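Have a look at the structure below, then the notes.
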Amino acid sequence: MGYRTYTCPISRRCGGCEWLSVPYPIQLRRKQEEVERLFASICQEDGCTVGAIHGMDEPRRFRQKAAAPFAPGKGRRVRSGFYEGNSHRIVWCEKCLVENPQGRAILNDVARVTEQLQIPAYEEDRGRGVLRNAVVRCGYATDEVLLTVVTNGERLPHAERFVRMLRSRHPEITSIVQNVNSRRTNAILGRSCVTLWGPGVMHDELLGCRFEIGPTSFYQTNPAQTETLYELAIEGAGLREGTRVLDAYCGTGTIGICMAAAARDARIDGVRVTGIEQVGAAVSCARRNAQANELGATCSFVCADATAYLRTGRRKHSRRHYDVVVMDPPRAGSTPEFLARVAGLLPKRIVYVSCNPKTQLRDLAELRRHDYHVDSNRSRGEGLGRGRAGARARRAPRRDRCAGTCRRAWPAAPPGTASPPGPAPGSAGCRRSTARAAPRRPRSARPAPPRSRAAAD
């Protein structure tokens, strides 16, 4: 029997979904091969293996976030859709195979309502016009829908009529927010927001925890695989009574809160989570999320740059204060200074969630210079791979089973077991990979490399 393939009418022009025509099993195999190639050296040196990628049952319609740029068309038309590959030319898209259909329909109607109200679309070359972009987030476990309209300035002409017309076409929308971005930049979102209708936020659920998501909040676009990712991260942390967790780059606190909730459900007492995030709105959101899940006494969040926060040398950052460090940096990875500061805390494990296995490999090499090693153990669970980051060399590594995490491909195996390099747009592979590093020990004392499995989105 042959493989199922998908055909997109704009695939030759759209700058996304480069692998959509490649059968999904072949996508996963190629990603597996690439990750094994990337981490071959580090796995050989540390005696670990790259776990098998876990793909999705149905690699379509998994994106719960959709976005569209806008530009003037002929006459008073407004163009919207996707950028053509390696250009800023917009390709119209009626339906997208990897998005929630609801989101694309809303975005297309934003363009039509804008035309009717004669709201000028943004001219990128001249820096004038009003409507720049729109972003739709759809709930995975809820029916809530958040629409964010990005404007070039604070004034949105006919704002009330704009809201009324969109609500009549799409009653499923629960919030409409105006985001202001007047900078000449490729960044979609600006710094300030105004709520036009509704509460201005939406809610979704992951692993039984409820989260508030704002217009500028980071939230995974594939919640189904995110739950797998977080399960891996939780297992990788190896939570025990009294475990202190530092969640760096915590955003709205989703990973840390899910860890604390898992500890509570498993009746593991004394687990405490400290999250660090430099975006103030995200920190406020994280605190509300902790309270909403009745974890306010367990989870605390600090608004600060993660590196600067660890650099302060405050008393609470004395050695061995944190047993586990969870880090989920941007695609560019972390920095040598931050990794050195983390290693200086002497955590028993470092759970590294990554959306880019190449930068993850680079950062793992840096951690290895600080006497950490990549380790993997066979897990008790069914199917999910394990990855963990352990303590410094001078401290014997704990040999508990733990899980790795991922970003759209989750190598939950050794901390070097990361997700496939670049989830081809349109390939439903998780873009986050998790790795675990453990304290080095003499090679003669290391057991034979156990096999671990990884998860991919």
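The values are calculated or read from the model by the stated rules, or taken from the named source; none is laboratory data. Everything numeric here is computed off the predicted structure, so don't read it as measured data. Cβ atoms come from the backbone with ideal geometry, glycine included; neighbour counts cover every protein chain shown.
Here are some notes:
For every residue, the table says whether it meets (1) in contact with a Gly (Cβ under 7 Å, 6 or more places away or on another chain); (2) assigned by TED's automatic domain parsing to the domain that holds N133.
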| position | (1), (2) |
| --- | --- |
| K31 | yes, no |
| E34 | no, no |
| L38 | no, no |
| E45 | no, no |
| G51 | yes, no |
| A71 | no, yes |
| H88 | no, yes |
| V91 | yes, yes |
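- Here S217 fulfils each of the conditions (1) under 20 Å from R349 (Cα atoms); (2) out of contact with any Gly (no Cβ under 6 Å at 6 or more places or on another chain); (3) surrounded by fewer than 24 Cβ atoms within 10 Å (Cβ to Cβ) apart from (1).
- The set of residues in region 173-206 being small (G, A, S), surrounded by fewer than 19 Cβ atoms within 10 Å (Cβ to Cβ) and outside any loop (DSSP other than H, G, I, E, B) consists of S192 alone.
- Condition check for A343: in contact with a strand residue (DSSP E or B) (Cβ under 8 Å, 6 or more places away or on another chain) and among the small types (G, A, S): yes
- Residue among E212, E160, E144 that is outside the structural domain of S284 (by TED's automatic domain parsing) and surrounded by fewer than 15 Cβ atoms within 10 Å (Cβ to Cβ): E160
- The residue list Q64, Q44, Q27 contains one member that is closer than 30 Å to E231 by Cα, polar (S, T, N, Q) and at pLDDT 95 or above, which is Q64.
- Considering (1) small (G, A, S); (2) closer than 29 Å to R167 by Cβ; (3) surrounded by 20 or more Cβ atoms within 10 Å (Cβ to Cβ), the lone condition that A224 does not fulfil carries the number (3).
- Looking across region 10-41, just one residue is in contact with a strand residue (DSSP E or B) (Cβ under 6 Å, 6 or more places away or on another chain) and of a type in the set (A, V, I, L, M), and that is I10.
- Boolean, T226 is of a type outside the set (A, V, I, L, M, F, W, C) and within 23 Å of A263 (Cβ to Cβ): yes
- Against the conditions (1) modelled with pLDDT of 90 or more; (2) small (G, A, S); (3) surrounded by 12 or more Cβ atoms within 10 Å (Cβ to Cβ), A297 satisfies every one except (3).
- Of all residues assigned to region 77-90, none qualifies as being of a type in the set (S, T, Y), out of contact with any helix residue (DSSP H, G or I) (no Cβ under 6 Å at 6 or more places or on another chain) and at pLDDT 95 or above.
- Leading residue by the ranking (modelled with the lowest pLDDT) among those in region 334-383 that are part of a loop (DSSP other than H, G, I, E, B) and among the small types (G, A, S): G383
- Residue that is surrounded by the most Cβ atoms within 10 Å (Cβ to Cβ) [pool: residues in region 50-76 that are in contact with a helix residue (DSSP H, G or I) (Cβ under 6 Å, 6 or more places away or on another chain) and farther than 30 Å from N152 by Cβ]: V50
- Count of residues meeting criterion [of a type in the set (G, A, S) and free of Cβ contacts under 8 Å to residues at least 60 places away in the same chain] in region 16-37: 1
- Residue in region 106-115 that is in a strand (DSSP E or B) and either assigned by TED's automatic domain parsing to the domain that holds V177 or surrounded by fewer than 16 Cβ atoms within 10 Å (Cβ to Cβ) (or both) present: no
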